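The values are calculated or read from the model by the stated rules, or taken from the named source; none is laboratory data. For clarity, every value in this text was computed on a predicted model and none was experimentally measured. All Cβ positions, glycine included, derive from the backbone under ideal geometry; neighbour counts span all protein chains shown. All accessible areas refer to the heavy atoms of the entire protein, side chains included, with ligands and DNA or RNA removed. Shrake-Rupley method; radii C 1.70, N 1.55, O 1.52, S 1.80 Å.
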Amino acid sequence: MDINNSVALVTGANRGLGRAFAQRLLERGARKVYATARRPETVDLPGVEVLPLDITSAASVRAVAEAAPDVTLLVNNAGIQTGTDLVTGSLEAVRHEVETNVLGHLTMIREFAPALARNGGGAIVNVLSAMSWFGTRGAGAYHLTKAAAWAMTNGVRLELAEQGTLVTAVHLGLADTDMSAGWPVDKLAPSDLADAALDGVEAGAAEVLADQWSRDVKSRLTLKPEEFNAAMDRALAALAA
């Protein structure tokens, strides 16, 4: 599909990657961009149509779907990272990440799929992570949710193929956002991530590996688990050095 003249809806559009998606959509000729956030008053991008949205609330998602029936491109960007380990961390925090990063995105897809079908098929972008494929201490819950979101993305792609909806999974390492502020390393500019994702949509790509880190991680998936873990330990140590 063409980004030019599309009608897009971006979740978590008040900052970071979501704001970059909304801005680049406008700059690339989208006819309308719905910018959504739990606190809509924090959306500061001129030219967008602002809607309140909490993706963990079925009623909120339904209200947004009713308010934006003309959407042809859904960008599932909103997400959280609580820094929670799976065994010793708060189970409530784990549940919160699952509700947001997996079920929140799925709820959006379920509500918007009929509109996308009516509007010619369109496309869905799910912003995932290289952590779909590996975990670290202090981020077990995040790894769990991104792995589950990857599987969910693959599943809905199959289910929505008949109605002509493209489903694109976008993986990245670190982007220069608030979530990665504690890592003093080179990071992907949010606008570059948005462009890579939107280029992928226009090319009909099922998957976008937006940076070298995500490409390197995925290339190691054929290794044995102990080999993969050792390789990731070395890569993370080099990243932190």
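When residue 35 is tested against (1) open to solvent by 20 Å² or more (accessible area, probe 1.4 Å); (2) among the small types (Gly, Ala, Ser); (3) touching a residue at least 12 places away in the same chain (Cβ under 8 Å); (4) closer than 23 Å to residue 122 by Cβ, exactly one condition is not met: (1). When the residues of segment 104-137 are filtered to those that are touching a His at 6+ places or on another chain (Cβ under 8 Å) and among the hydroxyl-bearing types (Ser, Thr, Tyr), which remaining residue is surrounded by the most Cβ atoms within 10 Å (Cβ to Cβ)? Per the criteria, the residue is 129.
Looking for something touching a residue at least 12 places away in the same chain (Cβ under 8 Å), within 14 Å of residue 112 (Cβ to Cβ) and among the β-branched types (Val, Ile, Thr) - is there at least one such residue anywhere in segment 75-84? Checking segment 75-84: at least one residue is touching a residue at least 12 places away in the same chain (Cβ under 8 Å), within 14 Å of residue 112 (Cβ to Cβ) and among the β-branched types (Val, Ile, Thr).
Looking only at segment 139-157, how many residues end up being basic (Lys, Arg) and crowded, with 19+ Cβ neighbours inside 10 Å? Break it down stepwise before answering.
Restricting attention to segment 139-157, the residues satisfying the condition of being basic (Lys, Arg) are 146, 157.
Subsequent filtering for residues that are crowded, with 19+ Cβ neighbours inside 10 Å retains 146.
So the count comes out to 1.
Residue 42 falls short of the stated requirement of being closer than 23 Å to residue 139 by Cβ and without any contact (Cβ under 8 Å) to a residue 60 or more places away in the chain.
Residues that are among the hydrophobic types (A, V, I, L, M, F, W, C) and loosely packed, with under 13 Cβ neighbours inside 10 Å were ranked within segment 69-94; the one that is nearest to residue 125 (Cα to Cα) is 91. With respect to residue 41, determine if the residue is more than 22 Å from residue 100 (Cβ to Cβ) and among the acidic types (Asp, Glu). Here the answer is no, as residue 41 does not meet what is asked. Identification of strands (runs of 3 or more DSSP E) wholly contained in segment 1-113 with 1 or more residues that are in contact with a Pro (Cβ under 9 Å, 6 or more places away or on another chain) and more than 28 Å from residue 202 (Cβ to Cβ) yields 49-52.
Would you check which residues across segment 3-43 are out of contact with any Ser or Thr (no Cβ under 8 Å at 6 or more places or on another chain) and modelled with pLDDT under 95 and list them? Listed by number, the list is empty, since nothing qualifies.
Listed by first and then second residue, the pairs with beta-carbon distance under 6 Å, at least 6 apart or on different chains, first residue in segment 1-27 and without any contact (Cβ under 8 Å) to a residue 40 or more places away in the chain and at positive phi, second among the charged types (D, E, K, R) and open to solvent by 30 Å² or more (accessible area, probe 1.4 Å), are 5/31. Within segment 192-219, being closer than 26 Å to residue 158 by Cβ, open to solvent by less than 50 Å² (accessible area, probe 1.4 Å) and of a type outside the set (A, V, I, L, M, F, W, C) holds for 200, 204, 214.
Remark: pairs (first residue in segment 89-103, over 14 Å from residue 140 (Cα atoms); second residue part of a helix (DSSP H, G or I) and open to solvent by less than 20 Å² (accessible area, probe 1.4 Å); Cβ separation under 8 Å; 6+ apart in sequence or on different chains) = 100/145; 102/145; 102/149.
Determine, yes or no, whether residue 189 is modelled with pLDDT of 95 or more, open to solvent by 20 Å² or more (accessible area, probe 1.4 Å) and within 26 Å of residue 29 (Cα to Cα).
Numbers: modelled with pLDDT of 95 or more: no; open to solvent by 20 Å² or more (accessible area, probe 1.4 Å): yes; within 26 Å of residue 29 (Cα to Cα): yes.
Spelling it out, it is not the case that residue 189 is modelled with pLDDT of 95 or more, open to solvent by 20 Å² or more (accessible area, probe 1.4 Å) and within 26 Å of residue 29 (Cα to Cα).
Mind counting the residues in segment 44-53 that are within 17 Å of residue 77 (Cβ to Cβ) and open to solvent by 50 Å² or more (accessible area, probe 1.4 Å)? Write out each step before concluding.
Within segment 44-53, the first condition is being within 17 Å of residue 77 (Cβ to Cβ), and the residues that meet it are 44-45, 48-53.
In the following step, the residues that additionally are open to solvent by 50 Å² or more (accessible area, probe 1.4 Å) were identified as 44, 49-50, 52.
So the answer is 4.
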